[in-house]
1. For Arg217 and Asp10, compute 0.36 nm times the residue count separating them, minus their Cα-Cα distance, and round to one decimal in nm.
2. Pairs Lys40/Lys303; Lys2/Lys331; Lys303/Lys336; Lys303/Lys380; Lys2/Lys158; Lys61/Lys319: which exceed 27 Å Cα-Cα?
3. What Kirkwood Rh does the chain have if only Cα atoms enter the pairwise 1/r average? Answer in Å.
4. Can you tell me the alpha carbon radius of gyration of segment 158-301 divided by the globular rule-of-thumb value 2.2 N^0.38 Å?
5. For the residues Lys254, Lys336, Lys124, what sequence is obtained by ranking on other C-beta atoms within 10 Å, fewest first?
6. Give me the distance in nm between label points sitting 7 Å out from Cα along the Cα-to-Cβ direction at Asp280 and Ala127, one decimal.
7. Per DSSP H run of at least 4 residues, take -39500 (n - 2.57); add these up for the chain, divide by its residues and hand me the 222 nm value, nearest 500 deg cm²/dmol.
8. Find how much the distance from Asp304 to Glu357 grows on full extension, using 0.36 nm per residue of separation minus their present alpha carbon separation; answer in nm with one decimal.
Amino acid sequence: MKSEHFIELDETYSAHNYHPLDVVIERAEGVWVYDVDGNKYLDCLSAYSAVNQGHCHPAIKEAAIAQMNRVTLTSRAFRNDQMGPFLQELCAMTGYEMALPMNSGAEAVETAVKAARKWGYQVKGVADNQAEIIVCAGNFHGRTITAISFSSQESYKKDFGPFTPGFVIVPYGDAAALEAAITPNTVAFLVEPVQGEGGVVLPPEGYLQEAANICARHNVLFIADEIQTGLGRTGKLFACEHEGVRPDVVTIGKALSGGFYPVSAVLTDKAVLGLFNPGDHGSTFGGNPLAAAIGRAALQVIKDEDLIGRSRELGAYFKGRLERIESDYIKEVRGKGLFIGVELNTPARRFAEALRERGVLVKETHKTVLRFAPPLTIAKEEIDWAVEHIEAVLMVE
């Protein structure tokens, strides 16, 4: 069947809550995807960084199939032989004492919010129901009611109120504004070290370190949302490491499964997660044996193939190639590792569509930004091939 058939089915039976490019993918391998019409494309989005290890990585696939043949779900009513080893390996790799596994990134954020509030009441001594969490303008932490409650994007909130209280928004990258917003009721500061959905926006150099210091001075938890930026995407295990920052709490997801399954987690120490008691939080699928086995394999691939180093080296190369494009449409090229945004002075959608026609898949974000985030397994020659097409598209009058 041709693409038009599947597009028609989507348009007829799916809620129109996305605006996808009209390409219908039927299979993928490594950095390449193939549509139902037999066309081949270089994936420069990586499912929003969920497939850092490349599509259908054989080691992760093998682990998934092996676990499927044993047991896939036990719920947390019982224990299983994969979750404990998974969390041990995750904590050893990241340097945190405890982890709470969930499914989606949004669930990890919700978990972190609950953990911060509980810490605020039980440890900091904030009065009941008065806890405040500071967030940044331009943030994206998910689509749940609580997550959109502290979004500064009105389009995300329209017709979905009333909203969850207890959040204060400050400008991104402004440490003075952060400190001024802290009150005795402030329990946490939640921030993306790079704002991905906001347009691959980087804060000023030193901001994360200064923010962490401010949080420490005021007894406020520093929570980093590393769901897109973590696990190698920016050329470090976590993007906060670029400034030597160890957050009190980290949320991760996406590449934690290499794209095979929804796996997320909250990382912190016993001083925070140790406060949870039975019944405080949970998930039927969180920490299930299939997810844990996949997560273990996904982490091993990151280490075995030095994907962090590859991202650092190839990201600098890719960004350098993009910066040399002399196009009147380009306003700025920014990013870290293989997490790059090209901001244009005109809407980006038509350029994404033109690149699709040339075999390069990229998606616009924040209307005027093209985000380039290919799998970390990409080769330099594949970057060169992509840049030829990117340059050709951006040079068109």
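Values quoted throughout were computed directly from the atomic coordinates according to the rules given, and no laboratory measurement underlies them. All values derive from a computational prediction rather than experimental measurement. As a convention, Cβ positions derive from the backbone with ideal geometry for all residues, glycine included, and neighbour counts pool all protein chains shown.
1. Working: separation 207, 0.36 × 207 = 74.52 nm, distance 5.15 nm.
Full-extension gain reported as 69.4 nm.
2. Values: Lys40/Lys303 29 Å; Lys2/Lys331 38 Å; Lys303/Lys336 19 Å; Lys303/Lys380 20 Å; Lys2/Lys158 36 Å; Lys61/Lys319 31 Å.
Flagged as over cut-off: Lys40/Lys303; Lys2/Lys331; Lys2/Lys158; Lys61/Lys319.
3. 21.8 Å
4. Values: Rg = 16.5 Å, N = 144, 2.2 N^0.38 = 14.5 Å.
This ratio for segment 158-301 stands at 1.14.
5. If I rank by nearby Cβ atoms, fewest first, I get Lys124, Lys336, Lys254.
6. 2.4 nm
7. On the way: 14 runs with 141 residues, N = 397.
The per-residue figure over the chain is -10500 deg cm²/dmol.
8. Values: separation 53, 0.36 × 53 = 19.08 nm, distance 3.48 nm.
Separation in residues times 0.36 nm, less the Cα-Cα distance, equals 15.6 nm.
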